[in-house]
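The values are calculated or read from the model by the stated rules, or taken from the named source; none is laboratory data. Keep in mind that what you see is a predicted model, and the values were worked out from it rather than measured. Every residue, glycine among them, receives a Cβ derived from its backbone with ideal geometry; neighbour counts consider all protein chains shown.
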Amino acid sequence: MYLEHFGLTEPPFRITPVTVFFFSGANRGEILDALIYSISEVEGIIKVSGEVGSGKTMLCRMLLEKLPVHIETIYLANPSLSREEMLYAIADGLGLNIDGERVGIIMRNIQNKLEEKAREGKRIVVLVDEAHAMPLDTLEELRLLYNLQVGNAKLLQIVLFGQPELNAKLDQPNMRQLKDRIVHHFHMQPLSRNILESYLMFRMRAAGYHGPNIFSPNAIKLIASASDGLMRRVNILADKSLLAAFVEDTHNIETHHVEAAMRDSELSFARKSPDKKLMWGSAITAVLLIGLTAWWALDKPQTSLQQSAPEQSRGAQGKSPTLATATAAPVSAMAAIQATAPPAVIPKPPAKPVLSPALNQNSKAANAASTFPPVPAAHSGSTAKNTILFEQRLEAGKQLIEQTTGGTTSHSTKPSNYNGQVAGYSANPGQEKPVASIQLYYNETVNPERIEGFLRRADKLGILSKIYLLPAKFGGKNGMRVLYGAYPSVEAAHNAIKDLPARYQKAFASSTYIF
């Protein structure tokens, strides 16, 4: 949904390689040009290495589009091929039908086809993605294929794309013949902090954004530190930061948005391993600090701890909502139970919410309507007028819980668009009560004004009556679930996810919520 919020035509930070988002900075453009020249004019095997998520697959896709028309490509996306399977894949790429043939016959047919292509003035290049995962026997077979030639000209070009582990594999003694035939080596460097801003805005512009730079310098610095400059991590953090800003109804990406994305992605700052001297110094310092802390705790009046509690509470309220419900993958029931378990005696950080912690909640459903966590009241004056939809959908959520438990409402006020039955579910005589809904997202904190903005957009879509707000507890904190519709079975709710509005399907990783 944040596409409309930021004026985008498509998601700018998708991790699936799409060539329109190819970034030529950070030596990517130079490597692409060098690859095209090498394949077109130079003999020998070519190797491209880079860390996980550095953009190797994107570069490979660009090659498929940019190579001259007289160069035909065979793309091997699955490197975990046996020697015979790899020969079959190349033969298939050449249009040969060799089912059931022996390896020797396959090799002869491949050579004949390559010679035919050479006479037509065409060159064949094999692009091997994730080559570091290719078995040694298969790599050796590639070398034998490369040896095929007619006259003084090689019949086949080979480009290997792989992680740094490919270098270690080629350093083995039995791989020296293949390594000697590699004439060009290219390494994809991580994005530097100076280039990162250009990369982020390039992707935004490519997705249709026309406004000013929305990433603050501190946010860019944090993304650079957490991602190690790897494009895939940058894309994940930037995408979830946009979602955090959308939920907060702001157009500027600040550090707390990136921090929320980091928590959701389980990314942290990169740290180098300290040397032994530093480790000993840190250990000694830690012992001294522990002693000083113990002395301070015994000597400090207890009232200071009580005074610090409101400060911590105010600090927690200023944080951005966690995005686990919008982006995380489904987890098991055991993980959900552990994530929502009460804290131990020693204080711990709040447990990170999981996508669908409603599993195994049937025992709580009977008294859910009377045990809602408290919801912050809307501010008085003009602000209270701006939370009318929030109040209505919160009341609708209570009505929904009461219908699922078979109870009757004890609330005197009903939302103006509430018609006595649950939206998305028709309570016909003899029909089972609704047992599940679609959870769009949830927040660890409750901001009625912010949720009101989401509800106003739902009202414009004509689906407001299908939105329900349910207060919930997350790690001891009062939060809010945002649900869509109500269904007589878990299967019906699961099947209805595909019928959500298109913008909801793009913005939220929806899950089935069980009452």
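The figures follow:
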quantity: Considering residues of the range 90-124 that are without any contact (Cβ under 8 Å) to a residue 40 or more places away in the chain, surrounded by 11 or more Cβ atoms within 10 Å (Cβ to Cβ) and among the basic types (Lys, Arg) only, the residue farthest from Thr138 (Cα to Cα); calculated: Lys113
quantity: Residue within the range 498-515 that is among the β-branched types (Val, Ile, Thr), modelled with pLDDT of 85 or more, at negative phi and under 26 Å from the mean Cα position of the chain (by Cα) present; calculated: no
quantity: Selection within the range 1-21 - in a loop (DSSP other than H, G, I, E, B) and loosely packed, with under 13 Cβ neighbours inside 10 Å; calculated: Thr9, Thr16
quantity: Residue within the range 442-454 that is assigned to a strand (DSSP E or B) and at pLDDT below 85 present; calculated: yes
quantity: Every residue from the range 159-171 that is exposed (fewer than 12 other Cβ atoms within 10 Å of the Cβ) and either in a loop (DSSP other than H, G, I, E, B) or not assigned by TED's automatic domain parsing to the domain that holds Val48 (or both); calculated: Asp171
quantity: Matching residues in the range 127-172 - criterion: being touching a residue at least 12 places away in the same chain (Cβ under 8 Å), within 19 Å of Gly93 (Cβ to Cβ) and of a type outside the set (A, V, I, L, M); calculated: Asp129, Glu130, Thr138, Glu141, Arg143, Tyr146, Lys154, Gln157, Phe161
quantity: Residues (part of a loop (DSSP other than H, G, I, E, B) and either surrounded by fewer than 19 Cβ atoms within 10 Å (Cβ to Cβ) or over 22 Å from the mean Cα position of the chain (by Cα) (or both)) located in the range 172-204; calculated: Gln172, Arg181, Gln189, Ser192
